[in-house]
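Enquirer: Provided herewith is a single structure, encoded as structure tokens, for subsequent inquiry.
Just so it is clear, none of the values below were taken in a lab; they were calculated from the coordinates. Not measured: the values here are computed from a predicted model. Counting neighbours? That spans all protein chains shown, and the Cβs are built from the backbone with ideal geometry, glycine included.
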């Protein structure tokens, strides 16, 4: 070995040791810097002709562990998802107040029942009607406020998703830009760890928003995908995310692949804050709104059932129902049993009565011989029977019965022995909404009473677009269904269930005995439907297919905003129906009495009336009382919020453990750095002594030659 080679070997050792000392210095200086990754000097032995010739430092690398990094990213994404869900569900629960308090939302209906109980004891008091109307308005107003607050949370989620998408796009662009910086540094043999550290920090930030997986690429940078494999960052650049909110259907997150282009695809995330927000926006908050809407709807139905079985004293001059959504012939055909339509004067004296037997299709006026009628001529037959004391009309799905003569009014009462009942079980007056206490601007009862062979009312060639989403609310596909020729309800169901132009690949619609259209996924809980757009219009009352049958959670949730205390009753609370029509009263005696509180007693029991509740959100279809359903709903909301809070705690614990394990490998270990410091110092000193020795040898050699 020559002296020059000895000197070169020593010099390489000194250079490598100096780089090692500088690296240790950086590591120790960043001992407490969050996210800092320990740097490691990469040393390689040198040899010439098989003989060792020193050491070379090929560079400085980060002590990264890809497996633990991805485990930490996954834990961070899960924690972020759980946290945002817990926060918003806790907010949602707060809208209902304390369920144990008398002023809590779920106890407001109890106050209405108390008002009716008081009215049954003193129906003639003007304060009775005022108190009922005031507390009903409070119940409906609070219900609408709760719905508005829940909708506000959805809007808040929309806003936060938009902000998160902008932040994610910025992070993706920066990560892709650092890939190029790292590649350039690697090519030139420069130290790329600064860019790599910055990139790691950006990836950590992105990991709280999306469920991402990182893999090193060939140039020292990274490639990013979602857990499902959707490319986010690659050699061709960064992907671009976009959010598409929808007022009626499930909102969607889309991605345009790295490298640009116009084609975007839906992103189905597994976790991350964005997925938590999308789940809230598309699934969880609409489910809560649907549950509250079902509670309010059946509470309204229970009150209206009692009110339609009762009458005010004196009775109103006109009873006008609301849109039933189907034609009158079909509606009347579905009825059985008996009802009575009476014209009563201001003194409570009967002026005219018509007994209607829907089973026999007959009408009897004032107890005279019955005459037949057909469902198709029901209006004309009833007009004839009521004349000259009253009249009836049907237009745009709305039935109206009027009394003629000053001071006369209309009262309706079902037969005590065989009461009237439509296919959905409602009595005549309730089905048409003739004496509703609470009215609605839209169809709220989806038990239409329709049968498969009945006309649907929808002309051929109209269309509605349904969105099929998975259990987390992410879009699978949009399906546009065209109303078919044929015109029956079964024709419409067949079109909806088509495997080529309907939703048949994912589930099917079926009509219940009460005329309610329900969708059942092929795999329970796998998919849900929402309405993107619906331009269909019924020839009966102008409603769309989704409005008539209540398709989609958003459609059903919207019922709350449609309710209001009937306008004439709201203006004059004395028109609340506290009495009942007594057609068995002796001849010449009043059939209505101002002191009668029997109708109020019926309404007081509305909360304990068993009603059929449709499946809503996570609550299954059931038959129970309104009060019991309120308790179930309050419990479900509490359990949901508690479960979300527990999930947050669990996810945070997993995240902490994953981060600790990552830090144990990638973080700076002071003991290890002290060992490295000693090692590099000794190596430097040894190399320096070798340089000194070679210099002494060279000097001695020169002296020998000079001598």
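Enquirer: Given labels modelled 7 Å from the Cα in the Cβ direction, how far is it in nm from residue 522 to residue 219?
Expert: Between residue 522 and residue 219, the simple spin-label model gives 4.4 nm.
Enquirer: Could you tell me what percent of the DSSP beta bridges with both partners in the chain are antiparallel, to the nearest 5?
Expert: So the antiparallel bridges in the chain amount to around 100 percent.
Enquirer: Arranged by the count of other C-beta atoms within 10 angstrom, fewest first, what order do 532, 705 take?
Expert: 705, 532
Enquirer: While we're on this one: Relative contact order of the stretch 449-573: what whole-number percent is it, with Cα pairs under 8 angstrom and at least 6 residues apart?
Expert: 25
Enquirer: Further question: Points 7 angstrom from Cα along the Cβ direction at residue 624 and residue 570: gap in nanometres?
Expert: Modelled inter-label distance: 3.1 nm.
Enquirer: Return an integer: the convex hull volume of the alpha-carbon atoms of the stretch 138-227, in Å³ per residue.
Expert: Per residue, the Cα convex hull of the stretch 138-227 comes to 80 Å³.
Enquirer: While we're looking at this one, here's another question. Quick one: if you stick a label point 7 Å off each Cα along the C-beta vector at residue 696 and residue 110, how many nm between them?
Expert: It is 9.9 nm.
Enquirer: Still on this structure, I have one more. I'd like to know how the chain sits against the 2.2 N^0.38 Å rule of thumb: what's its Cα Rg over that expected value?
Expert: Dividing the Cα Rg of the chain by 2.2 N^0.38 Å gives 1.45.
Enquirer: What value in Å³ per residue do you get for the convex hull of the alpha-carbon atoms in the stretch 463-549?
Expert: 95
Enquirer: Give me the base-10 log of I(q)/I(0) for the stretch 225-363 at each q in 0.19 Å⁻¹, Debye formula, one uniform scatterer per Cα, rounded to two decimals.
Expert: The calculated log intensity ratios at q = 0.19 Å⁻¹ are -1.20.
Enquirer: While we're on this one: Within the stretch 542-558, find all residues whose amide N lies under 18 Å from a label point positioned 7 Å from the Cα of residue 482 along Cα-to-beta-carbon.
Expert: 545
Enquirer: Just from its helices, what would the mean residue ellipticity at 222 nm be for the chain, if runs of 4 or more DSSP H residues each count -39500 (n - 2.57) and the sum is divided by every residue, rounded to the nearest 500 deg cm²/dmol?
Expert: Mean residue ellipticity at 222 nm (helix-derived): -14500 deg cm²/dmol.
Enquirer: While we're here: Rounded to two decimals, what is the ratio between the C-alpha radius of gyration of the stretch 384-537 and 2.2 N^0.38 Å?
Expert: Compared with the compact-globule rule of thumb, the stretch 384-537 sits at 1.35.
Enquirer: Going by C-beta contacts inside 10 Å, put 80, 380 in order with the fewest on the left.
Expert: Ranked by crowding around the Cβ, least crowded first: 380, 80.
Enquirer: Sticking with this one: Which FRET efficiency value, to the nearest 0.05, is calculated for residue 25 and residue 188 with the Förster distance at 30 angstrom and r the Cβ-Cβ distance?
Expert: Efficiency at R0 = 30 Å is approximately 0.80.
Enquirer: Okay, next question. Using a 10 Å cut-off around each Cβ, can you sort 503, 691 from fewest to most neighbouring Cβ atoms?
Expert: The fewest-first ordering by Cβ neighbours comes to 691, 503.
Enquirer: I need to check one value: relative contact order of the chain, counting alpha carbon pairs closer than 8 Å and at least 6 residues apart, in percent.
Expert: Here the relative contact order equals 20 percent.
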